[in-house]
Structure formats: C-alpha cells, structure tokens
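Data block below; observations after.
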Amino acid sequence: MDSILVRGGRRLAGRIPISGAKNACLALMPAALLTDDPLTLTNAPRLSDIRTMRQLLESLGCEVASLQAGGVLVIGAQEIANHTADYDIVRKMRASILVLGPMLARDGHAVVSLPGGCAIGARPVDLHLMGLERLGATLELRDGYVHASAPSGLRGGVVDFPMVSVGATENLLMAATLARGTTVLRNAAREPEIVDLARCLRAMGAQIAGEGTETIEIEGVARLHGATHPVVADRIELGTYMLAPAIAGGEVELVGGRRELVAAFADKLEEAGVSVEETAEGVKVSRHNGRILPVDVETAPYPGFPTDLQAQMMALLTLADGVSRLEERIFENRFMHAPELTRMGARIEVHGGAATVTGVERLKGAPVMATDLRASVSLILAGLGAEGETRVARVYHLDRGYERVEEKLSACGAEIERVTERAA
Ligand code: EPZ
C-alpha cells in the first residue's frame with residue numbers, strides 16, 4: 001500500500017488545475033444507460049472511482065472507450081446485456097446504485113446489490129427505492145439485492161423527499177426522463193452536480209426544468225439520444241486545495257475553479273482571515289502573515305457548507321487563534337480524522353455530531369492513518385502546516401477522489417512525495 005510523506009513548513013506559491021467533478025461524473029456515466037447512442041464525457045477526472053464505475057458499466061454490457069488517458073470517456077449502451085449490478089463491484093463504491101434508475105427506465109427491470117454502509121455512516125438507499133416506487137416500479141429486497149421491475153414502463157409521479165438526498169435526486173431525475181408523463185421531485189438536492197446532470201440529460205433530449213432549485217419537473221420522452229458533455233469542475237477538490245495556502249501560508253491560484261461553486265465555504269475561509277479573490281482563470285487564495293481566526297461551521301445540503309469539506313476545514317481550524325465549533329449534520333460518523341489530527345498535536349473534542357477545536361500554535365508531523373476519502377486529504381493538509389514529517393498511510397482512499405495530489409501540491413512548492421511500501 002502506498003503512503004504519502006509530507007514535510008511541513010514550506011509556504012506555497014503557484015497554480016493548481018482543478019479537475020472534473022468525481023461526484024458529477026459518477027452520475028453522468030450511468031446516464032449513458034438511458035440511450036442506445038454513445039454518450040461522450042469530456043474533462044472526466046482520472047480517479048479510481050471512475051475506473052470502478054467503468055468496470056460496472058462494462059459488466060452490464062456497455063462499451064466504454066477511455067481517450068486522453070481517461071480525460072474523455074465514450075460510453076455506448078447499444079443494449080444492456082446484463083441487468084445485474086454485482087455486490088463485489090457495488091460494495092467498493094456506493095455510487096453504483098445510480099445504475100438502478102436508468103436500467104429500470106430503459107428496459108423495465110434491474111437487479112442491483114444494496115451498497116451496504118461505509119466508514120462515514122449507514123447510508124441507506126430507502127429514498128431511492130421510495131421514489132422509484134412512486135414512479136410505478138415494484139421493488140423486492142432479496143439476498144442483499146434490490147429486484148426492481150416496471151414491465152409496462154415507469155409513469156410520471158410526484159416524489160416528496162422527506163430529506164435532501166443527492167443520490168436519490170440523481171436516480172429519480174434519470175429514471176423520470178423516460179417515464180410516461182410528468183414527474184415532480186420536491187425537496188430535491190440543489191448541488192452543482194445535479195445541475196450538471198440535468199444539463200447533460202437535456203443535451204440528450206430530456207425535458208427538465210428547475211434543476212438547482214428544490215423542485216425539479218421532468219416531462220418524460222419516448223427515447224433519448226447521445227450527446228457530448230463536459231464534466232463540471234470539482235468544487236470539493238477546489239475547496240480542498242484552497243485550504244492548502246490557507247494552512248501553509250503563501251498564495252495559490254486554483255485554475256478552472258469558480259467561487260460560486262463553493263460560496264458558503266469561501267465565506268467561512270474569509271471569516272477565518274484568508275483572502276479569496278476571483279481571477280480570470282479561477283480563484284486565488286492567500287494568507288501571508290495574518291493569524292487564522294476561529295469560525296463556527298455547520299454542514300448542510302447545497303448551498304450550505306459542504307459536508308465533503310468539513311474534515312479539511314477542521315485541519316485549518318486546529319491552527320486558529322481561538323476555539324471553533326464544527327457541526328456535522330449530514331453523516332453520523334464523519335469525525336474519524338479528529339483522533340488522527342490529535343496525534344499531530346491538535347486539540348479536538350468530539351461529542352456526537354459536534355466537534356470543538358481549540359487552536360494550537362503549531363502541529364507536529366506524525367505517522368497517521370487515512371480512514372475515508374476526505375479524512376485522508378485533511379491529514380495531508382495538516383501535514384503542510386506541521387513541523388516535521390507526516391506519513392499518511394492507506395492512500396488508496398485518497399486516489400478515489402484526488403487526481404495526482406502529490407504532483408499538484410509539489411508544483412506549488414510543497415515537500416510531498418508518494419512512497420510505495422514494498423510488500424513485506
Ligand atoms: C453524495 O452521496 C456524495 N457522493 C457524497 O460525497 C456527499 O457527501 C453526499 O452526496 C452529500 O453531499 C456522490 O455524489 C457519489 P445523500 P449520497 O444521499 O448521494 C441519508 C465524497 O466524499 N440518506 O445526499 O450518498 C444519508 O445516509 C462523498 O465524495 C438516507 O437516509 O448522499 C445521509 O445521511 C462522501 N436515505 C444523507 O441522507 C437515502 O435513501 C445525505 O445523503 C439516501 C440518503
């Protein structure tokens with residue numbers, strides 16, 4: 001297993017290119033199942049999660065051509081030869097559940113393994129299933145699989161989500177494009193990845209209105225056709241790298257990022273004393289000699305503060321000049337980075353869904369363990385601001401969501417390298 005070694009204390013200067021959004025691409029790829037024409041995605045991120053989704057689609061009979069080293073994906077679902085998404089792929093990546101809606105809408109039947117929980121929480125899929133039932137599907141849970149059928153096709157309906165769910169909104173948005181009649185999604189997720197998916201579906205011939213608001217209306221059509229669609233910039237990668245100069249000091253321009261993708265987060269960064277400036281090519285973030293100021297954070301669905309940036313923000317606040325409070329309101333167990341940051345000298349108290357961080361003068365590098373994707377990158381960020389060397393183990397978590405992190409950071413002057421552990 002690889003580790004990442006970071007030697008802290010270097011101020012940063014330079015530019016970091018922001019890649020296409022993992023969480024947009026993981027919904028856009030299954031959209032190809034809705035048509036027998038090829039769907040081309042450009043600006044696709046080169047990540048292990050994307051390769052896993054490619055494997056899943058190929059196991060269903062899709063042809064996936066990966067051009068420009070994965071930057072362009074051409075996905076052809078001429079026909080879906082196999083309608084079963086196997087547990088051994090689904091358990092590796094929960095987003096696999098997003099093939100359920102499209103397969104059901106296209107062919108009237110699908111068998112998808114329940115994804116199971118993950119490190120950050122139980123993460124049920126009951127809202128996905130409730131919504132598909134509202135569109136006329138019959139669902140049966142057997143041997144850990146969802147057996148879904150709609151022999152006479154899906155019909156439009158009103159889906160009232162009791163809580164905001166990104167994945168359930170995406171599954172229903174895709175399924176509704178081929179349902180007979182009108183579908184209304186209420187309390188829908190408003191994330192930029194949802195807007196990006198709607199734009200791609202519209203380019204494929206879908207009739208959708210209201211994406212980005214809490215009510216999305218879809219008029220079903222008989223069939224969709226292929227399209228070419230650029231994956232939207234990754235706002236979580238953007239926010240993550242905005243924190244690098246904030247923690248290490250210096251100035252970095254995030255090329256391809258847009259402030260409006262991370263508005264709530266950028267506001268909090270400015271409240272913490274970090275300067276955020278929009279440029280012609282992206283967003284420039286700097287902190288020179290000013291202290292980091294404590295701030296309070298509550299995670300919320302978009303446009304609120306993203307849960308996927310909570311761990312990274314905590315890394316910054318461990319060095320603030322005072323006490324900060326972070327409330328994690330989306331997932332039930334998303335503070336696993338806290339004990340690892342404590343090993344580096346941070347002062348953090350976790351009580352249920354809230355963490356209190358008392359800033360310290362400096363962190364000390366230490367060997368730490370990655371537990372989930374965003375926790376692992378928060379440890380790297382902390383390492384940038386720590387004295388000495390930090391070794392982050394189990395970086396396979398990292399490679400799921402960050403393309404070439406050590407290259408992007410070392411290009412800005414960070415002392416960071418990937419170490420491949422020889423098999424003992
Ligand atoms: C998406 O997960 C993202 N993943 C997550 O990013 C992100 O943290 C999350 O949205 C919230 O923004 C992808 O897009 C692939 P949800 P998703 O459905 O769709 C509960 C990362 O680090 N819920 O919005 O699974 C659920 O347990 C990942 O890139 C139900 O109860 O998130 C959670 O508490 C981590 N029933 C809350 O809703 C359901 O049927 C929000 O989940 C569905 C969800």
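The values are calculated or read from the model by the stated rules, or taken from the named source; none is laboratory data. Just so it is clear, the structure is predicted and the values come from calculations on it, not from any experiment. Because the Cβ atoms are built from the backbone with ideal geometry, glycine has one as well, and the counts that use them run over all protein chains shown. Please note that ligands, DNA and RNA were not included when accessible areas were found on the heavy atoms of the full protein model with its side chains. Shrake-Rupley method; radii C 1.70, N 1.55, O 1.52, S 1.80 Å.
Descriptive notes on the structure:
- Where Rh is the Kirkwood radius over Cα pairs, Rg/Rh for the chain: 0.98
- When the chain is treated as a GNM with alpha-carbon contacts under 10 Å, the residue of ASP399, ASP126, ASP160 showing the greatest mean-square fluctuation is ASP126.
- Using the average count of surrounding beta-carbon atoms within 10 Å as a protection proxy, the listed peptides 403-413, 285-295 rank, highest first, as 403-413, 285-295.
- In this label model, HIS225 and ARG418 are separated by 4.1 nm, measuring between points 7 Å along each Cα→Cβ vector.
- Subset of LYS22/LYS92; LYS284/LYS408; LYS22/LYS364 violating a 21 Å alpha-carbon distance limit: LYS22/LYS364
- Overall form of the stretch 22-230 per C-alpha gyration tensor (a/c, 1.5; a/b vs b/c): rounded
- Report note on the peptides 237-245, 306-314, 60-68, 256-264: ranked by the mean count of other C-beta atoms within 10 Å, highest first, their order is 237-245, 306-314, 256-264, 60-68.
- Residues of the chain: accessible area per residue with a 1.4 Å probe, Å²: 38
- Calculated mean residue ellipticity at 222 nm for the chain: -8500 deg cm²/dmol, from DSSP H runs with n ≥ 4 weighted as -39500 (n - 2.57), summed, divided by the residue count and rounded to 500.
- With all protein chains in place and a 1.4 Å probe, the accessible surface of the stretch 22-230 carries 49 percent carbon and sulfur.
- Spacing of the modelled spin labels on GLN68 and ALA411, each 7 Å from Cα toward Cβ, amounts to 1.5 nm.
- Rounded, prolate or oblate (a/c below 1.5 giving rounded, otherwise prolate when a/b exceeds b/c) for the stretch 185-273 by Cα gyration tensor: oblate
- Compactness of the stretch 265-382, taken as the C-alpha radius of gyration over 2.2 N^0.38 Å, stands at 1.02.
- The long axis of helix 22-31 is offset from the longest Cα principal axis of the chain by roughly 10 degrees.
- Degrees separating the helix 48-59 axis from the principal Cα axis of the chain, which is the longest one: 20
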